[in-house]
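Trainee: Pasting a structure below so you can have a look.
The values are calculated or read from the model by the stated rules, or taken from the named source; none is laboratory data. The shown structure was predicted, so the numbers you read here are calculated from the model rather than taken from an experiment. FYI the Cβ positions are ideal-geometry reconstructions off the backbone, even for glycines, and counts take in every protein chain you see. Each accessible area value is taken on the protein alone, full model and side chains, heavy atoms only, with ligands, DNA and RNA left out. Shrake-Rupley method; radii C 1.70, N 1.55, O 1.52, S 1.80 Å.
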Amino acid sequence: MPAFKTPHIPASEITPRGVFLDRRRFMAGAGAIGLAGIGGSSALAALQAKKSAYTVADTVTPKEDATTYNNFYEFGTGKGDPAAYSGDFKPFPWKIKIDGMVAKPMEFDVEDLMATMPLEERVYRFRCVEAWSMVLPWTGFMLSDLLKKVEPLGSAKYIAMRSASRPEEMPGVNYPILEWPYREGLRLDEAMHPLTLMAVGIYGDKLPNQNGAPIRLVVPWKYGFKSIKSIETITFTDTQPETSWNMAAANEYGFYSNVNPERDHPRWSQASERVLGTGGGFFGGGARRDTEKFNGYGNEVASLYAGMDLIENY
Ligand SMILES: Nc1nc2c(c(=O)[nH]1)N[C@H]1C(S)=C(S)[C@@H](COP(=O)(O)O)O[C@H]1N2
Ligand SMILES: [Mo]
(Lines give C-alpha, C1' and ligand atoms only; values in the text may rest on other atoms or scores of the structure.)
(Ligands and ions follow the chains in the order given, each with its own letter.)
Protein backbone atom coordinates (compact mmCIF):
# COMPACT_ATOMS: atom_id res chain seq x y z
CA MET A 1 0.00 0.00 0.00
CA PRO A 2 1.46 3.41 -0.94
CA ALA A 3 2.37 5.72 1.88
CA PHE A 4 -0.10 8.53 2.48
CA LYS A 5 0.29 11.42 4.84
CA THR A 6 -1.49 10.84 8.15
CA PRO A 7 -4.30 13.41 8.31
CA HIS A 8 -4.51 15.69 11.29
CA ILE A 9 -6.81 14.13 13.88
CA PRO A 10 -7.93 16.39 16.73
CA ALA A 11 -6.81 15.18 20.15
CA SER A 12 -10.47 14.79 21.12
CA GLU A 13 -10.83 12.06 18.53
CA ILE A 14 -7.65 10.18 19.39
CA THR A 15 -8.90 8.90 22.72
CA PRO A 16 -12.68 8.86 22.34
CA ARG A 17 -14.45 8.33 25.66
CA GLY A 18 -11.07 8.27 27.39
CA VAL A 19 -10.29 4.74 26.23
CA PHE A 20 -6.60 4.00 25.89
CA LEU A 21 -5.49 3.23 22.36
CA ASP A 22 -2.30 1.64 21.13
CA ARG A 23 -1.42 4.76 19.17
CA ARG A 24 1.53 3.24 17.39
CA ARG A 25 -0.76 0.74 15.65
CA PHE A 26 -3.95 2.73 15.33
CA MET A 27 -2.45 6.03 14.22
CA ALA A 28 -0.18 4.57 11.55
CA GLY A 29 -3.23 3.29 9.72
CA ALA A 30 -5.32 6.44 9.96
CA GLY A 31 -3.80 7.78 6.72
CA ALA A 32 -4.33 4.65 4.69
CA ILE A 33 -8.11 4.84 4.84
CA GLY A 34 -8.00 8.08 2.86
CA LEU A 35 -7.25 5.86 -0.12
CA ALA A 36 -10.77 4.44 -0.20
CA GLY A 37 -12.17 7.97 -0.19
CA ILE A 38 -10.02 9.25 -3.05
CA GLY A 39 -11.10 6.52 -5.43
CA GLY A 40 -14.54 6.52 -3.86
CA SER A 41 -17.84 5.79 -5.52
CA SER A 42 -20.82 8.09 -5.91
CA ALA A 43 -22.60 6.40 -3.00
CA LEU A 44 -19.92 7.88 -0.74
CA ALA A 45 -22.04 11.00 -0.54
CA ALA A 46 -24.72 8.95 1.19
CA LEU A 47 -22.28 7.76 3.86
CA GLN A 48 -20.50 10.80 5.22
CA ALA A 49 -18.01 9.44 7.73
CA LYS A 50 -15.12 10.95 9.59
CA LYS A 51 -11.89 9.00 9.83
CA SER A 52 -11.53 7.25 13.14
CA ALA A 53 -8.47 6.80 15.31
CA TYR A 54 -9.67 3.23 15.83
CA THR A 55 -7.79 2.19 12.72
CA VAL A 56 -5.05 -0.40 12.34
CA ALA A 57 -2.01 0.04 10.09
CA ASP A 58 -2.41 -3.37 8.42
CA THR A 59 -2.77 -3.56 4.64
CA VAL A 60 -6.43 -3.47 3.63
CA THR A 61 -7.77 -6.66 1.99
CA PRO A 62 -8.68 -6.16 -1.70
CA LYS A 63 -12.41 -5.48 -2.09
CA GLU A 64 -12.62 -8.28 -4.63
CA ASP A 65 -11.65 -10.85 -1.96
CA ALA A 66 -13.77 -9.42 0.87
CA THR A 67 -16.93 -9.37 -1.25
CA THR A 68 -16.62 -12.77 -2.96
CA TYR A 69 -15.30 -14.99 -0.13
CA ASN A 70 -17.99 -14.83 2.57
CA ASN A 71 -19.82 -16.75 5.23
CA PHE A 72 -23.54 -15.93 5.19
CA TYR A 73 -25.34 -19.24 5.56
CA GLU A 74 -28.75 -17.72 4.78
CA PHE A 75 -27.48 -17.71 1.19
CA GLY A 76 -25.68 -21.06 1.25
CA THR A 77 -22.69 -22.69 2.93
CA GLY A 78 -20.14 -22.23 0.12
CA LYS A 79 -17.78 -19.23 0.29
CA GLY A 80 -19.02 -18.08 -3.13
CA ASP A 81 -22.71 -18.61 -2.36
CA PRO A 82 -23.46 -15.27 -0.63
CA ALA A 83 -22.17 -13.25 -3.62
CA ALA A 84 -23.89 -15.62 -6.09
CA TYR A 85 -27.30 -16.01 -4.39
CA SER A 86 -28.02 -12.73 -2.57
CA GLY A 87 -29.21 -10.83 -5.64
CA ASP A 88 -32.92 -11.08 -4.69
CA PHE A 89 -32.36 -9.81 -1.16
CA LYS A 90 -33.94 -6.38 -0.50
CA PRO A 91 -32.04 -4.46 2.19
CA PHE A 92 -34.18 -1.28 1.92
CA PRO A 93 -36.43 -0.18 3.44
CA TRP A 94 -35.31 -1.79 6.71
CA LYS A 95 -36.39 -1.44 10.32
CA ILE A 96 -34.36 -2.51 13.32
CA LYS A 97 -36.30 -3.03 16.55
CA ILE A 98 -34.81 -2.72 20.04
CA ASP A 99 -36.87 -4.07 22.95
CA GLY A 100 -36.73 -6.19 26.10
CA MET A 101 -35.41 -4.76 29.38
CA VAL A 102 -35.42 -1.10 28.33
CA ALA A 103 -37.41 1.96 29.38
CA LYS A 104 -38.16 3.00 25.77
CA PRO A 105 -38.49 0.21 23.21
CA MET A 106 -37.94 1.73 19.76
CA GLU A 107 -37.87 0.92 16.08
CA PHE A 108 -35.36 2.65 13.79
CA ASP A 109 -35.30 3.06 10.03
CA VAL A 110 -31.81 2.17 8.81
CA GLU A 111 -31.66 4.94 6.18
CA ASP A 112 -32.50 7.42 8.97
CA LEU A 113 -29.65 5.98 11.04
CA MET A 114 -27.27 6.35 8.08
CA ALA A 115 -28.22 10.02 7.84
CA THR A 116 -28.28 10.89 11.54
CA MET A 117 -25.78 8.73 13.45
CA PRO A 118 -22.15 9.88 13.79
CA LEU A 119 -20.56 7.68 11.11
CA GLU A 120 -16.90 6.79 11.31
CA GLU A 121 -14.61 4.93 8.94
CA ARG A 122 -12.51 2.36 10.81
CA VAL A 123 -10.04 -0.17 9.49
CA TYR A 124 -10.37 -3.31 11.62
CA ARG A 125 -8.76 -6.70 11.64
CA PHE A 126 -11.37 -9.46 11.28
CA ARG A 127 -10.63 -13.11 12.17
CA CYS A 128 -12.93 -15.96 11.18
CA VAL A 129 -13.06 -19.02 13.45
CA GLU A 130 -12.06 -21.02 10.35
CA ALA A 131 -8.55 -19.51 10.64
CA TRP A 132 -8.66 -16.98 7.83
CA SER A 133 -8.56 -13.24 8.35
CA MET A 134 -8.91 -9.95 6.56
CA VAL A 135 -8.59 -6.21 7.16
CA LEU A 136 -11.59 -4.09 6.21
CA PRO A 137 -12.48 -0.39 6.14
CA TRP A 138 -15.92 -0.30 7.78
CA THR A 139 -18.29 2.64 7.90
CA GLY A 140 -20.53 2.61 10.95
CA PHE A 141 -21.35 3.98 14.37
CA MET A 142 -20.75 2.73 17.87
CA LEU A 143 -23.44 0.26 18.96
CA SER A 144 -23.43 2.00 22.35
CA ASP A 145 -24.72 5.21 20.72
CA LEU A 146 -27.77 3.33 19.44
CA LEU A 147 -28.39 1.28 22.60
CA LYS A 148 -28.39 4.37 24.84
CA LYS A 149 -31.43 5.74 22.98
CA VAL A 150 -33.72 3.04 24.37
CA GLU A 151 -32.61 3.61 27.97
CA PRO A 152 -31.54 0.11 29.11
CA LEU A 153 -32.77 -0.93 32.56
CA GLY A 154 -30.19 -1.55 35.28
CA SER A 155 -31.28 -5.19 35.41
CA ALA A 156 -30.30 -5.89 31.77
CA LYS A 157 -27.07 -7.88 31.42
CA TYR A 158 -26.96 -9.04 27.79
CA ILE A 159 -28.30 -8.25 24.35
CA ALA A 160 -29.72 -10.92 22.03
CA MET A 161 -29.65 -10.16 18.30
CA ARG A 162 -31.46 -11.77 15.38
CA SER A 163 -30.95 -11.58 11.64
CA ALA A 164 -33.63 -11.47 8.99
CA SER A 165 -34.96 -14.86 7.86
CA ARG A 166 -36.75 -14.58 4.51
CA PRO A 167 -37.36 -17.85 2.67
CA GLU A 168 -38.22 -15.97 -0.54
CA GLU A 169 -35.05 -13.89 -0.58
CA MET A 170 -32.59 -16.10 1.32
CA PRO A 171 -32.41 -19.60 -0.18
CA GLY A 172 -30.36 -21.04 2.71
CA VAL A 173 -33.08 -20.55 5.36
CA ASN A 174 -35.18 -23.20 3.59
CA TYR A 175 -32.69 -25.77 4.89
CA PRO A 176 -32.09 -26.67 8.56
CA ILE A 177 -28.37 -25.76 8.45
CA LEU A 178 -28.51 -23.58 11.60
CA GLU A 179 -31.26 -22.35 13.94
CA TRP A 180 -32.99 -19.57 11.99
CA PRO A 181 -33.18 -16.72 12.33
CA TYR A 182 -29.40 -16.53 12.86
CA ARG A 183 -28.92 -15.36 16.42
CA GLU A 184 -26.04 -13.93 18.40
CA GLY A 185 -25.50 -12.18 21.69
CA LEU A 186 -23.11 -10.06 23.70
CA ARG A 187 -22.64 -9.27 27.35
CA LEU A 188 -23.74 -5.67 27.94
CA ASP A 189 -20.21 -4.38 28.64
CA GLU A 190 -19.05 -5.93 25.36
CA ALA A 191 -21.97 -4.38 23.52
CA MET A 192 -21.24 -0.95 25.01
CA HIS A 193 -17.49 -1.09 24.30
CA PRO A 194 -16.38 1.68 21.89
CA LEU A 195 -14.77 -0.86 19.53
CA THR A 196 -18.15 -2.57 18.97
CA LEU A 197 -19.39 -1.15 15.69
CA MET A 198 -22.71 -1.23 13.86
CA ALA A 199 -21.56 -1.18 10.26
CA VAL A 200 -23.62 0.21 7.39
CA GLY A 201 -20.81 0.25 4.81
CA ILE A 202 -17.45 -1.07 3.61
CA TYR A 203 -14.86 0.54 1.32
CA GLY A 204 -16.74 3.84 1.61
CA ASP A 205 -19.93 2.43 0.12
CA LYS A 206 -23.11 0.80 1.47
CA LEU A 207 -22.78 -2.85 2.48
CA PRO A 208 -23.16 -5.34 -0.37
CA ASN A 209 -25.89 -7.90 0.37
CA GLN A 210 -23.31 -10.66 0.90
CA ASN A 211 -21.54 -8.61 3.59
CA GLY A 212 -24.65 -8.11 5.71
CA ALA A 213 -26.70 -5.28 4.20
CA PRO A 214 -28.10 -2.99 5.34
CA ILE A 215 -26.75 -3.16 8.92
CA ARG A 216 -24.49 -5.65 10.69
CA LEU A 217 -22.37 -5.92 13.78
CA VAL A 218 -18.55 -5.87 13.85
CA VAL A 219 -16.77 -7.06 17.02
CA PRO A 220 -13.10 -7.13 16.00
CA TRP A 221 -11.68 -9.03 19.01
CA LYS A 222 -14.09 -11.96 18.57
CA TYR A 223 -14.35 -14.66 15.92
CA GLY A 224 -16.24 -13.54 12.83
CA PHE A 225 -19.45 -15.45 13.55
CA LYS A 226 -20.22 -13.09 16.47
CA SER A 227 -20.49 -10.28 13.90
CA ILE A 228 -24.13 -10.96 12.97
CA LYS A 229 -25.39 -9.68 9.62
CA SER A 230 -28.65 -8.10 8.41
CA ILE A 231 -29.93 -7.48 11.95
CA GLU A 232 -33.66 -7.08 12.58
CA THR A 233 -34.00 -7.19 16.36
CA ILE A 234 -31.94 -6.44 19.46
CA THR A 235 -33.45 -7.55 22.78
CA PHE A 236 -32.11 -6.64 26.21
CA THR A 237 -32.21 -9.55 28.68
CA ASP A 238 -30.83 -10.67 32.03
CA THR A 239 -29.93 -14.19 30.86
CA GLN A 240 -27.15 -15.28 28.49
CA PRO A 241 -28.77 -15.46 25.06
CA GLU A 242 -28.72 -18.51 22.82
CA THR A 243 -26.52 -18.28 19.73
CA SER A 244 -26.93 -20.21 16.47
CA TRP A 245 -23.39 -21.65 16.40
CA ASN A 246 -23.49 -22.68 20.06
CA MET A 247 -26.82 -24.42 19.44
CA ALA A 248 -25.28 -26.23 16.44
CA ALA A 249 -22.12 -27.44 18.23
CA ALA A 250 -21.70 -26.33 21.84
CA ASN A 251 -18.30 -28.00 22.28
CA GLU A 252 -16.91 -26.08 19.29
CA TYR A 253 -18.48 -22.62 19.60
CA GLY A 254 -18.90 -20.94 22.96
CA PHE A 255 -20.69 -17.75 23.92
CA TYR A 256 -17.57 -15.58 24.30
CA SER A 257 -15.62 -16.66 21.21
CA ASN A 258 -12.80 -14.24 21.86
CA VAL A 259 -9.94 -14.74 19.40
CA ASN A 260 -7.47 -16.88 21.35
CA PRO A 261 -4.45 -18.59 19.77
CA GLU A 262 -3.98 -20.57 23.01
CA ARG A 263 -7.35 -22.30 22.74
CA ASP A 264 -7.56 -24.55 19.69
CA HIS A 265 -10.84 -25.40 18.04
CA PRO A 266 -11.46 -29.13 18.69
CA ARG A 267 -10.83 -29.82 14.99
CA TRP A 268 -8.05 -27.34 14.11
CA SER A 269 -5.39 -25.01 15.51
CA GLN A 270 -6.17 -21.35 16.17
CA ALA A 271 -2.47 -20.40 16.50
CA SER A 272 -2.20 -18.93 13.01
CA GLU A 273 -4.41 -17.61 10.22
CA ARG A 274 -4.49 -17.24 6.44
CA VAL A 275 -4.66 -13.57 5.43
CA LEU A 276 -7.12 -13.27 2.54
CA GLY A 277 -5.81 -11.57 -0.58
CA THR A 278 -2.12 -11.94 0.24
CA GLY A 279 0.66 -14.23 -0.89
CA GLY A 280 -0.90 -15.02 -4.27
CA GLY A 281 -2.49 -18.42 -4.48
CA PHE A 282 -6.03 -19.09 -5.65
CA PHE A 283 -9.58 -18.21 -4.51
CA GLY A 284 -9.33 -17.54 -0.80
CA GLY A 285 -5.57 -18.15 -0.73
CA GLY A 286 -3.29 -16.17 1.51
CA ALA A 287 -0.04 -16.00 3.46
CA ARG A 288 -0.05 -17.22 7.07
CA ARG A 289 0.52 -15.05 10.10
CA ASP A 290 0.42 -15.81 13.81
CA THR A 291 -2.91 -15.09 15.46
CA GLU A 292 -2.85 -12.56 18.30
CA LYS A 293 -4.85 -12.87 21.48
CA PHE A 294 -8.04 -10.79 21.24
CA ASN A 295 -7.04 -10.43 17.57
CA GLY A 296 -4.53 -7.74 18.60
CA TYR A 297 -7.09 -5.66 20.54
CA GLY A 298 -5.97 -6.82 24.00
CA ASN A 299 -4.96 -3.33 25.18
CA GLU A 300 -8.53 -2.22 24.66
CA VAL A 301 -10.57 -5.24 25.76
CA ALA A 302 -8.56 -7.62 27.98
CA SER A 303 -9.86 -5.84 31.11
CA LEU A 304 -13.42 -6.92 30.25
CA TYR A 305 -12.35 -10.49 31.07
CA ALA A 306 -10.17 -9.91 34.15
CA GLY A 307 -10.26 -13.00 36.36
CA MET A 308 -12.04 -15.16 33.78
CA ASP A 309 -10.59 -18.44 32.53
CA LEU A 310 -10.67 -17.89 28.76
CA ILE A 311 -9.92 -21.56 27.99
CA GLU A 312 -13.04 -22.62 29.93
CA ASN A 313 -15.06 -19.62 28.74
CA TYR A 314 -14.31 -20.07 25.01
N1 LIG B 1 -26.73 -13.70 9.75
C2 LIG B 1 -25.50 -14.19 9.61
N3 LIG B 1 -24.45 -13.47 10.08
C4 LIG B 1 -23.19 -13.94 9.94
C5 LIG B 1 -22.94 -15.20 9.34
C6 LIG B 1 -24.06 -15.94 8.86
O7 LIG B 1 -23.94 -17.04 8.31
N8 LIG B 1 -25.32 -15.39 9.00
N9 LIG B 1 -21.64 -15.66 9.23
C10 LIG B 1 -20.66 -15.11 10.19
C11 LIG B 1 -19.29 -15.50 9.91
S12 LIG B 1 -18.85 -17.11 10.26
C13 LIG B 1 -18.35 -14.60 9.44
S14 LIG B 1 -16.73 -15.04 9.29
C15 LIG B 1 -18.74 -13.23 9.06
C16 LIG B 1 -18.30 -12.91 7.63
O17 LIG B 1 -18.46 -11.54 7.34
P18 LIG B 1 -18.01 -10.96 5.90
O19 LIG B 1 -18.90 -11.54 4.87
O20 LIG B 1 -18.13 -9.49 5.99
O21 LIG B 1 -16.63 -11.41 5.67
O22 LIG B 1 -20.14 -13.02 9.13
C23 LIG B 1 -20.77 -13.59 10.29
N24 LIG B 1 -22.14 -13.16 10.39
MO1 LIG C 1 -16.50 -17.10 10.41
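Trainee: With a/c under 1.5 counting as rounded, go ahead and sort segment 145-191 into rounded, prolate or oblate using the C-alpha gyration tensor (a ≥ b ≥ c being the square roots of the eigenvalues; past the cut-off, prolate if a/b is larger than b/c, else oblate).
Mentor: prolate
Trainee: If you don't mind, there's one more thing I want to ask. Sorted by mean Cβ packing within 10 Å, highest first, what order do the peptides 261-271, 147-157 take?
Mentor: 147-157, 261-271
Trainee: If you don't mind, another one. So how much accessible area does Y69 have, in Å² to the nearest 10, using a 1.4 Å probe?
Mentor: Roll a 1.4 Å probe over it and Y69 shows about 30 Å².
Trainee: Give me the percent of accessible area attributable to carbon and sulfur for segment 133-286, probe 1.4 angstrom.
Mentor: The C+S portion of the solvent-accessible surface of segment 133-286 is 52 percent.
Trainee: Order these peptides, 122-128, 137-143, by their mean beta-carbon neighbour count within 10 angstrom, highest first.
Mentor: So the order, starting with the most tightly packed, is 137-143, 122-128.
Trainee: In Å², what does the accessible area per residue of segment 224-310 work out to with a 1.4 Å probe?
Mentor: For segment 224-310, the per-residue accessible area is 44 Å².
Trainee: Express in nm, to one decimal, how much length is gained between A57 and T239 on full extension, taking 0.36 nm for each residue of separation and deducting their alpha carbon distance.
Mentor: 61.8 nm
Trainee: Towards the positive end of the charge dipole of segment 179-298, with charges on Cβ (+1 Lys, Arg; -1 Asp, Glu), say which of I228, L195, P208 has the farthest Cα.
Mentor: P208
Trainee: R0 = 25 Å: FRET efficiency of S155 with D309, Cβ-based, nearest 0.05?
Mentor: Calculated value: 0.45.
Trainee: Could you size up the charge dipole of segment 155-314 around its Cα centre, putting +1 on the beta carbon of Lys and Arg and -1 on that of Asp and Glu, and report it in debye to the nearest 20?
Mentor: 320
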